[in-house]
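Asker: Starting off with a structure, shown below.
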Amino acid sequence: MPQGKRKITPRRPSGREAIVDSLVLAATEEFAAVGFRGASIRSIARRANVNHGMISRYFGSKGQLLHAALSALAEENAKHLRANDDFATYLSRRSFQLETQIVGRLILEGVEPTLLPTSLPVYDLLGPAIAGRHGLSAEEGRIAVAARSALTLGWALFGVWIGSASGLSPDGQQRLQASIGEHIRRLGVETGGC
């Protein structure tokens, strides 16, 4: 290292809340980048700038840390839905992109279904609102939200490829995205007023 230059080390988080927040953020980025199987406890801890023993202490396992990361993303996404984000804004949210990347990787890696979320705030938030707004049963409201999720996730994961493979111009790709947003709205799954 040249004389007079010091390597700047980020501050270690201190206190339970700061350590947990740092680990959840680091795990989120790590799982999105390399998947659950590719992520190591040590690499997550290094990214969070904490001792790897903190993961065991506060989460118990890498699987529990994954659950905490996905729960934090789901809550963040629900917050944006409550704020009435439109389709394009919602898709552009970093929290949605990270959640999509992580869940997509988990499914492609063939991880145990117990590691996947079994409940999402989006369903708890939108399902009853849709059911009440359209006179549907609770189950039908959840089906409507699930249909929206399928379209949204499919577009988020494969939209660039679909637009390119179909030979659409950039304007055509934007019109396709708007069309998908319109199909979602037709499902009666507007986010406003929830």
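The values are calculated or read from the model by the stated rules, or taken from the named source; none is laboratory data. For clarity, every value in this text was computed on a predicted model and none was experimentally measured. Quick reminder, even Gly has a Cβ in these numbers, built from the backbone with ideal geometry, and neighbours come from all protein chains shown. Only protein heavy atoms, including side chains, enter the accessible area calculation; ligands, DNA and RNA are left aside. Shrake-Rupley method; radii C 1.70, N 1.55, O 1.52, S 1.80 Å.
Asker: On the given criteria, is Asp171 among the acidic types (Asp, Glu), in a helix (DSSP H, G or I) and within 26 Å of Phe36 (Cβ to Cβ)? Spell out the reasoning first.
Answerer: Details: among the acidic types (Asp, Glu): yes; in a helix (DSSP H, G or I): yes; within 26 Å of Phe36 (Cβ to Cβ): no.
The answer is no for Asp171.
Asker: While we're on this one: If Arg186 passes every condition in (1) among the charged types (D, E, K, R); (2) open to solvent by 80 Å² or more (accessible area, probe 1.4 Å); (3) modelled with pLDDT of 75 or more but one, which one does it miss?
Answerer: For Arg186, the failing item is (3).
Asker: So which of Thr114, Thr118, Thr100 ends up being β-branched (Val, Ile, Thr), in a helix (DSSP H, G or I) and open to solvent by 30 Å² or more (accessible area, probe 1.4 Å)?
Answerer: Among Thr114, Thr118, Thr100, only Thr114 is β-branched (Val, Ile, Thr), in a helix (DSSP H, G or I) and open to solvent by 30 Å² or more (accessible area, probe 1.4 Å).
Asker: Right, next: Search region 76-102 for residues that are charged (D, E, K, R) and pair each with any residue that is modelled with pLDDT of 85 or more when their beta-carbon atoms are under 7 Å apart and the residues are at least 6 apart or on different chains.
Answerer: Final answer for the pair search is Glu76/Ser95; Glu99/Leu70; Glu99/Leu73; Glu99/Ala74.
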